[in-house]
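Shown next, in structure tokens, is the structure this report addresses.
The values are calculated or read from the model by the stated rules, or taken from the named source; none is laboratory data. Computed from a predicted model, the values in this text were never measured in an experiment. Note that each Cβ is placed from the backbone with ideal geometry, even for glycine, and that neighbours are counted across all protein chains shown.
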Amino acid sequence: MIVVDAVVKSFGKHREIKAVDGASFHADDGRITGLLGPNGAGKTTLLRMLATLIPPDAGQAMVDGLDVAADRYAVRRQIGVLSDARGLYGRLTARENVHYYGRLHGVSGAALKARAEGLLARLGMAELADRRTQGFSQGERMKVAIARALVHDPATVLLDEPTNGLDIMSTRGLRELLRGLRAEGKCILVSTHVMQEVAALCDSIVILGHGRVVAQGSGRDMLSWSGQATLEDAFVTLLGSGEGLAA
Amino acid sequence: MSALLRVFTVVAKELLDTFRDRRTMLLTLVTAATAGPLFLALILNMAANQAEKARALKLPVSGP
């Protein structure tokens, strides 16, 4: 369970860039929550705060009752984070990369092996598992990063644009994987700007614009609030006309 | 998980990562192996030159 309450984060010399400006929302266990917003809306900043990488300037963010600023290390043990497909060790194989992160999280032996193999198989990586990651494509890298984020079986999963670079089959595989995690009762927060992803996957949608939460509810809620027929139109309506390329 | 075990995990990964990169590893080994003797030879050579100079000391003599 994630609870974000009036969180503020600014950057710049004089804190003039407000990346997150009083955002509040919650993500429940056993549900997939989509964080949706245009470029620069503050999605990644919010996820980085939840991942305890940067502390909020004001407000509070809690993961399973633990404060992300005060209980950093306890939160880190609970969460699995996919921030980017970067930071893989290029000279290690996909399997070695996943095993390494598992070991750092205290998983070892047969449990680690079973967990890593299961993830690699579900992501369609079985054939690639023993190749070094330095020659991997963007999508293949992403799959390794996803397996790495989930190897310790975290209760809360934070994914920042996980379908970037994935082909259709892998995207479907990832969706299945996330649905499986949902069925296990995990709390899943996915940031994206791909509308299809949200429609296909998310139980709850949080729309973010200029660092503020514009709306939170189900896809159906979004349609009825905005009076639009498609999620894309609802998104644009709820954000207001000022967004888009000009924003 | 103990801190020591974690350090060991990181060290093992670093070693594996380094030894996988043949070129860097070979370069490091070759450099390390050749640098010592090379410097020794250079220093000895300089010392020998100095000694040679000192032995064949030529003094300017004034007068016819």
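General observations
- Verdict on residue A:244 being more than 15 Å from the chain's Cα centre (by Cα), at pLDDT 90 or above and on the phi > 0 side of the Ramachandran plot: no
- Criterion (within 11 Å of chain A (Cβ to nearest Cβ) and either touching a residue at least 24 places away in the same chain (Cβ under 8 Å) or among the charged types (D, E, K, R) (or both)) met by exactly one of B:6, B:55: B:6
- Criterion violated by residue A:220 - all others in (1) of a type outside the set (Asp, Glu); (2) part of a helix (DSSP H, G or I); (3) over 27 Å from residue A:107 (Cβ atoms); (4) within 18 Å of the chain's Cα centre (by Cα) satisfied: (4)
- Cross-chain or 6+ apart pairs with Cβ under 8 Å, segment A:80-98 first and among the acidic types (Asp, Glu), then crowded, with 18+ Cβ neighbours inside 10 Å and assigned to a strand (DSSP E or B): A:84/A:160
- Search result, residues across segment A:185-209 that are farther than 27 Å from residue A:6 by Cβ and either touching a residue at least 24 places away in the same chain (Cβ under 8 Å) or in a strand (DSSP E or B) (or both): A:185, A:194, A:195, A:197, A:199, A:200, A:201
- Checking A:211, A:180, A:185, A:217 one by one, the residue that is surrounded by fewer than 16 Cβ atoms within 10 Å (Cβ to Cβ), touching a helix residue (DSSP H, G or I) at 6+ places or on another chain (Cβ under 9 Å), within 27 Å of residue A:74 (Cα to Cα) and not charged (D, E, K, R) is A:180 and no other.
- The residues in segment A:95-127 that are assigned to a helix (DSSP H, G or I), within 14 Å of chain B (Cβ to nearest Cβ) and either modelled with pLDDT under 90 or surrounded by 14 or more Cβ atoms within 10 Å (Cβ to Cβ) (or both) can be counted, and the count is 11.
- Selection of segment A:1-34 for residues being touching a Cys at 6+ places or on another chain (Cβ under 9 Å), crowded, with 16+ Cβ neighbours inside 10 Å and not basic (Lys, Arg) yields A:2, A:27, A:32, A:33, A:34.
- Residues that are under 18 Å from residue A:77 (Cβ atoms) and touching a residue at least 40 places away in the same chain (Cβ under 8 Å) do not occur anywhere in segment A:33-44.
- Tally, over segment A:50-86, of residues that are acidic (Asp, Glu) and exposed (fewer than 15 other Cβ atoms within 10 Å of the Cβ): 1
- Residue in segment A:203-213 that is among the charged types (D, E, K, R) and more than 27 Å from residue A:59 (Cα to Cα) present: no
- Unique residue being surrounded by 10 or more Cβ atoms within 10 Å (Cβ to Cβ), under 30 Å from residue A:132 (Cα atoms), out of contact with any Ser or Thr (no Cβ under 8 Å at 6 or more places or on another chain) and more than 12 Å from chain A (Cβ to nearest Cβ) when the list is B:41, B:33: B:33
Condition check ((1) within 14 Å of chain B (Cβ to nearest Cβ); (2) in a helix (DSSP H, G or I)) across all residues:
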{"site": "A:13", "(1), (2)": "no, no"}
{"site": "A:20", "(1), (2)": "no, no"}
{"site": "A:26", "(1), (2)": "no, no"}
{"site": "A:33", "(1), (2)": "no, no"}
{"site": "A:44", "(1), (2)": "no, yes"}
{"site": "A:80", "(1), (2)": "no, no"}
{"site": "A:91", "(1), (2)": "yes, no"}
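- If you check A:72, A:76 for being within 16 Å of residue A:154 (Cβ to Cβ), touching a Ser or Thr at 6+ places or on another chain (Cβ under 9 Å) and within 14 Å of chain B (Cβ to nearest Cβ), only one passes: A:76.
- Residue selected from segment B:9-28 under the condition over 21 Å from residue A:87 (Cβ atoms) and hydrophobic (A, V, I, L, M, F, W, C), by the criterion nearest to the other protein chains (Cβ to nearest Cβ): B:25
- If you go through segment A:51-82 and keep only what is polar (S, T, N, Q) and either in contact with a helix residue (DSSP H, G or I) (Cβ under 7 Å, 6 or more places away or on another chain) or at positive phi (or both), you end up with just A:52.
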